[in-house]
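Some notes on the structure that comes next.
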Amino acid sequence: MTSVTNGPMRRHPDRVINVGIREQLMLGVAGGLALAGLRPIVHSYAPFVVERPFEMLKLDIGHQDAGAILASVGASYDSAASGRTHEAPEDVALVASLPGWSVYVPGHPDEAEQLLRASATTDERAYLRLAEQANAVPRSVERGHMIIERRGRVATVITVGPLLDPVLEATADLDVTVLYATTARPFDRDALRAARSPRVVLVEPYLAGTSSSEIAEALVDTPHRLLALGVPNVEHRRYGTWRDHNAVHGLDAAGIRARILPFLDAA
Amino acid sequence: MTATLPALGYADLGWLMDLQLGDDKHAASATSTLDVIWVLYDRILRIDPRRIDDPDRDRFLLSKGHGPMAYYAVLAAKGFIDIAALRTFGLYESPLGHHPDRNLVPGIEISSGSLGHGLGIGVGMALGLRARRSPARVFCLVGDAELEEGSNHEAIAFAGRAGLDRLACVVVDNRSSSLGWPGGIASRFAIESWSTATVDGRDHDGLEAALATRHEDRPHAVIAVVEPKA
């Protein structure tokens, strides 16, 4: 971090601010900067930008009705070798529990730039979740809107950010619609309703079921079944890499396919 | 906001607090923060209730949002809120809750109540004002018990090292912290390069002199000592 920001700090000493290892202060400063008329962008690892200073998100940003962009790295178990202390698959569920936050989950560095530039021109509260895992090809993404990757008849599969490529591989020969989301909140309910399918599969790269309630509300007047895949809510106590953890949690192509097939076969 | 400003003084704060509390005969001294807030609004802050959005206005942040009756009384006396609103204190539709909300009351700079949030926001405001080359100052009021929250000490350390001359922290000390502050509250700021002044929190001239102090290269802490909390 320090080596990356040294140059910008020299060029813009009033606007590139390193508060040290002080996450509560970092979020408070963001709120104060916003109230003084600036557009703060806050950056750290996900556990330290969301979980440790969570009350500052709620009060110093949200309750003030101030705006800020929180850009995290270390999504879910990107830092798996560092263990549980540096993992935060709960981050999206936590931010989504607070009113008025947009949550962006790009699946490619180019999409991250698109979303960051678009959000920066607003005064919204936004959480931008950066991950090491990326899809091979970036899409042209728009805040708040899912992309229809493929149309099918048997089910609708919604996937978020970097899990698009595994989902496309897992469903390549299946007659399903695939929706690709880079905005987790506000959830694009219209896109789901337009897909008009009674079977919905949700594949999220963070805590499983984070968006289940959004799907329930989108389809409140429609009989439907939901399979929600994501990171299980367990103390896993294993190191390694994000690839290891995706495989164990069934979030690689083989694991996703193995759980979608019986869901589609069920009545 | 009122069109013509009320001509009310310090002697009126007692009945303005009584309007909120539904009883009477509240001595000003019943509220530890009252004299500090009065001196700030009467003598120090460059603010005007007719221009509450002036980007270069001074900011007052009541970090210790508990017991805001004195704050509301001063805001009413100075024309920032309607006196009639004081009678609605704490009611469902009232803009005046037991903790202040900046989105309900124009002129209130931060929503507060949970301890340990104001000083961090104040650091951000001071950084933002410095980046915009605004001359405005930021005054943040905390309590000696509130200082127990660790977030304050993140802010104290950073503000000193950042030389935030626009920032002042007023600690109203009524000895209500659980474990006390060995060596004195001022020393916690001084070691982080703040200038400090410890004054009688009921002495208006002393408070004025301490609050008006501004050094060019460092933040300023005023320890306003009042009677121990009963």
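Computed from the coordinates by the stated procedures, all read-outs in this text should not be read as laboratory data. All of these numbers come straight from a predicted model, not from anything done at the bench. With ideal geometry, Cβ positions are generated from the backbone for all residues, glycine too; neighbour counts draw on all protein chains shown.
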Pairwise FRET efficiency - residue A:194 versus residue A:10, Cβ, R0 = 51 Å, nearest 0.05: 0.55
GNM result for chain B, Cα springs below 10 Å: residue of B:173, B:165, B:205 fluctuating most strongly: B:205
Per-residue mean of C-beta atoms belonging to partner chains within 10 Å, peptide B:125-134: 6
Cα-centre dipole for the stretch A:93-158 with unit charges at Cβ (Lys and Arg positive, Asp and Glu negative), debye to 20: 340 debye
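Taking 0.36 nm per intervening residue step and subtracting the Cα-Cα distance, what contour gain separates residue B:161 from residue B:193 on full extension?
Extra length from residue B:161 to residue B:193 when fully extended: 10.8 nm.
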Two-site FRET efficiency, residue B:94 against residue A:265, from Cβ-Cβ distance with R₀ of 45 Å, rounded to 0.05: 0.15
222 nm mean residue ellipticity, helices alone, for chain B (DSSP H n ≥ 4; -39,500 (n - 2.57); rounded to 500): -8000 deg cm²/dmol
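Roughly how crowded by other chains is peptide A:35-45, in terms of the mean Cβ count from those chains within 10 Å of each of its Cβ atoms? Walk me through the numbers before you get to the answer.
On the way: counts 12, 15, 7, 7, 0, 3, 0, 0, 0, 0, 0.
Neighbouring Cβ atoms belonging to other protein chains average 4 per residue here.
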Cα-projected label distance for residue B:84 with residue B:212, points at 7 Å along beta-carbon direction, nm: 3.8 nm
Ranked packing of A:194-201, B:208-215, A:45-52, most packed first, by mean Cβ within 10 Å: A:45-52, A:194-201, B:208-215
Size descriptor, Kirkwood hydrodynamic radius, that averages inverse alpha-carbon separations across the protein assembly as shown, Å: 24.9 Å
Spin-label model distance (nm) - residue A:175 vs residue A:81, 7 Å beyond Cα toward Cβ: 4.7 nm
Where the Cα pairs of chain A fall when distances are cut into 10 Å bins, in %: 7, 30, 35, 20, 7, 1, 0
Mean ellipticity per residue at 222 nm, deg cm²/dmol - from DSSP H runs of n ≥ 4 across chain A, formula -39500 (n - 2.57): -8500 deg cm²/dmol
Average other protein chain Cβ within 10 Å of Cβ, residues B:106-115: 3
